[in-house]
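> Right, I'll just put the structure down here and ask away after.
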Amino acid sequence: MSERHQVTMDRAQRWLKENTKRYAFKKLEKDIIQPGVCVECGSCVESCPADALTGDLSSGKYVPTLTGNCTSCGVCYAMCPRTYPLWTDVAGHFRSIWKARSTGEHRKQDGGVVTALLGYMLDHDLIDAAVVACRGDSKPWMPEARLVEDAKLLSDCGGTIYSHASVVGKMMEGFKNGALSVAVVGTSCDIDAVERMKQHPAGYLSVDRRRSVFSIGLFCMESFEYPKLKAWLKSQEVDIDEISRFEISGGKFRVRTPKTEHEWPVSELDSAASTSCAYCHDLTSMNADLSCGNIGSEEGFTTVIVRTVAGEQVLQEAVQEGRIEAELTDPKSLGTIQNVARSKRYKYYGMKPKH
Ligand SMILES: Cc1cc2nc3c(=O)[nH]c(=O)nc-3n(C[C@H](O)[C@H](O)[C@H](O)COP(=O)(O)OP(=O)(O)OC[C@H]3O[C@@H](n4cnc5c(N)ncnc54)[C@H](O)[C@@H]3O)c2cc1C
């Protein structure tokens, strides 16, 4: 090994030690090699500073294999093109991350921050309307996208409905009717649709620069198809129309009715999940101005990831006006968000057909 190569290896290991969690080869094997996600590029084997890996060709394909002593330096995992070791890989760029809650009566789900922020923006004419998802009249847990122009009407629409809502369609309806500036709340798939309209040369928001969208993305592990969710709950002897609250946290799916509470591991509901979720990699709505969820904060608070200058301004102004209380999160919370975001990416790998 040349001296220069050794210096490069040492510097790479030092950077990983100082800046990230380091994963041993065992983790690469579990996440990438065993599920058949390895691209056989040889990057892990040839980057190993301990020379502990070999590309085993005996099966007719190149299989990275531990043949020496793994020092858990993390280089193999970091250099694999199919892993997501960095925060930016799994949860995107951000300016700051807050644990926050509304000071008003909005706390239907977590800290009620989303509703409080929309209220602030409507009251100060920063937007013409907000697009939210509300409970339907006849089927309460089938979401109905709504365009709200008066902050007083937002209180009908707080809380989480765990099925897709056509919020982007409703946003377009607002633009067709003359709105110029709209705030949209949605999961990462909704926010990606807005981003497409901003970035594509033929996109509505790219062609007409007078229109603007402020986006509040919701963390989302998965969403459910309403008919399948209803049927699944029925199989558990729970009538969906009697549920007053749904919640997913800590890997558990919880529902509350006026008389009972039920809890199941989220994985038990896989059959009711929206098929489109198998193609989603993004837990935290990486393209939003602000991303909100409960992961990383204790009960009763919303975690808010600030990604843009516009997002920062709105949050700070709402805090200054006393509508929201907020404090910066600690590194442990960041680690928790990162771990869940990474597990969402690898869940996608697990759903792919095995060859
Ligand atoms: C399908 C789904 C899955 C989620 N999964 C997770 C998760 O795994 N982990 C996590 O930490 N957080 C998840 N969240 C986000 C979380 O449930 C809260 O919405 C978030 O923490 C904000 O809470 P809040 O009290 O500040 O919001 P609130 O002030 O209660 O406001 C909630 C806002 O969300 C809107 N909304 C509700 N349902 C939908 C919907 N289906 N589509 C679009 N907008 C909607 C409402 O209109 C309202 O504006 C999920 C949200 C959804 C919609």
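> Would you check if Leu229 is within 15 Å of the ligand (Cβ to nearest atom) and assigned to a helix (DSSP H, G or I)?
Working: within 15 Å of the ligand (Cβ to nearest atom): yes; assigned to a helix (DSSP H, G or I): yes.
Here the answer is yes, as Leu229 does meet what is asked.
> Being free of Cβ contacts under 8 Å to residues at least 12 places away in the same chain and more than 25 Å from Phe253 (Cβ to Cβ) narrows it down to one residue among Ala179, Ala183, Ala202, Ala151; which is it?
Criteria check complete, one pass: Ala202.
> Looking at Leu122, Leu86, which one is modelled with pLDDT of 95 or more and not acidic (Asp, Glu)?
Numbers: Leu86 fails: modelled with pLDDT of 95 or more.
Going through Leu122, Leu86 in turn, just one is modelled with pLDDT of 95 or more and not acidic (Asp, Glu): Leu122.
> If you take the residues of region 9-20 that are surrounded by 12 or more Cβ atoms within 10 Å (Cβ to Cβ) and not small (Gly, Ala, Ser), which of them is farthest from Thr88 (Cα to Cα)?
Filtering first and then ranking leaves Met9.
> Across region 180-233, what is the number of residues that are buried (at least 19 other Cβ atoms within 10 Å of the Cβ), over 22 Å from Met286 (Cα atoms) and among the hydrophobic types (A, V, I, L, M, F, W, C)?
So the count comes out to 3.
> Among the listed residues Ser96, Ser102, which satisfies the condition of being among the polar types (S, T, N, Q), buried (at least 20 other Cβ atoms within 10 Å of the Cβ) and modelled with pLDDT of 95 or more?
Step by step, each of Ser96, Ser102 is checked, and only Ser102 is among the polar types (S, T, N, Q), buried (at least 20 other Cβ atoms within 10 Å of the Cβ) and modelled with pLDDT of 95 or more.
> When you scan region 181-192, how many residues do you find that are assigned to a helix (DSSP H, G or I) and either away from the ligand (no atom under 12 Å from the Cβ) or not assigned by TED's automatic domain parsing to the domain that holds Asp128 (or both)?
Total satisfying the criteria: 1.
> Which ones in region 311-337 are closer than 18 Å to Asn287 by Cβ and within 15 Å of the ligand (Cβ to nearest atom)?
Gly311, Val314, Leu315, Ile337
The values are calculated or read from the model by the stated rules, or taken from the named source; none is laboratory data. All figures in this text were calculated on a predicted structure; none of them were measured in a lab. Note that each Cβ is placed from the backbone with ideal geometry, even for glycine, and that neighbours are counted across all protein chains shown.
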